[in-house]
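The structure appears right after this line, and notes come after that.
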Amino acid sequence: MQQIFKEKVVIITGGAKGIGKCIADEFRANGAIVYVIDKEEGNHFIGDISSKEVLEDFVASILKKHDKVDCIINNALPLMKGIDECTYEEFQYALSVGITAPFYLTKLLQSNLAEGASIVNISSSRDRMSQPQTESYTAAKGGIAALTHALAVSLAGKARVNSISPGWIDTAYTTYDGADSTQHPAGRVGNPMDIANMVLFLCSDKAGFITGENICIDGGMTRQMIYHGDNGWKLEQ
């Protein structure tokens with residue numbers, strides 16, 4: 001198999017499990033040197049990216065080994081709590097993980113971005129739609145989507161910066177039937193490979209003319225209009 005990222009240096013936040021682990025595994029399978037930071041225990045840099053000092057230590061540990069970084073994947077998951085229960089401190093924490101950390105990690109590595117570098121921020125389809133009591137997560141994901149195009153302009157000529165907004169992604173690769181699948185025009189719930197494939201594409205030379213873009217990968221779920229009583233849809237209360 002051709003290893004299109006052979007010897008490329010890739011950084012992934014929140015890469016110990018779920019979508020982040022899938023992305024890390026795919027980069028490794030394509031020859032990349034992958035550095036993960038996560039709060040979970042494991043064979044990676046362990047730390048909370050809401051901390052400025054943790055991010056600085058993480059970057060320093062990488063730059064001891066490499067002068068340049070090719071890809072940064074900001075994937076770490078913010079806290080999800082709603083307006084009824086979310087405290088000021090919890091809301092600030094969600095923004096620190098979801099927006100401030102990606103910004104500061106990029107800032108720390110700005111001078112060490114390799115030629116053709118790519119940054120991919122993982123947002124969410126919740127950046128454009130909501131359920132009740134999700135304010136901290138939704139605000140963080142909306143913020144990272146906006147930060148993406150700001151960084152794309154500021155880093156023009158240094159790196160391409162894009163974001164992905166996953167919809168319903170089942171990290172256990174569960175197969176769903178009935179309304180769970182049919183509400184998606186694609187006919188199924190997503191899985192981590194749906195996101196990892198796009199991350200690797202955006203980091204490849206094939207995406208060399210794409211920057212500042214947000215790509216929603218949700219099986220068409222946010223595009224399908226659902227009205228009670230139309231096309232067989234019925235709200236059951």
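The values are calculated or read from the model by the stated rules, or taken from the named source; none is laboratory data. Quick caveat: nothing in here was measured; it's all calculated off a predicted structure. Heads up, the Cβs are rebuilt from the backbone with ideal geometry, glycines too, and the neighbour counts pull from every protein chain shown.
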request  = Give me the pairs, please: first residue somewhere in segment 85-98 and in contact (Cβ under 8 Å) with a residue 24 or more places away in the chain and closer than 13 Å to Gly14 by Cβ, second residue anywhere and surrounded by 20 or more Cβ atoms within 10 Å (Cβ to Cβ) and basic (Lys, Arg), beta-carbon distance under 9 Å, and either six or more positions apart or on two chains.
outcome  = Gly98/Lys141
ask   = Which condition breaks for Glu115 when tested against (1) in a loop (DSSP other than H, G, I, E, B); (2) more than 16 Å from the chain's Cα centre (by Cα); (3) not polar (S, T, N, Q)?
value = (1)
request  = Return yes or no: is Met80 within 21 Å of Asp218 (Cβ to Cβ) and either modelled with pLDDT of 95 or more or surrounded by 18 or more Cβ atoms within 10 Å (Cβ to Cβ) (or both)?
outcome  = yes
inquiry  = Looking at the structure I just gave you, is Lys64 modelled with pLDDT of 95 or more, of a type outside the set (A, V, I, L, M) and closer than 22 Å to Asn197 by Cα?
reply    = no
message = Show me the helices (runs of 4 or more DSSP H) found entirely inside segment 131-237 where at least 2 residues are at pLDDT below 95.
response = 179-182
query = How many of the residues in segment 22-47 are surrounded by 16 or more Cβ atoms within 10 Å (Cβ to Cβ) and in contact (Cβ under 8 Å) with a residue 24 or more places away in the chain?
reply = 13
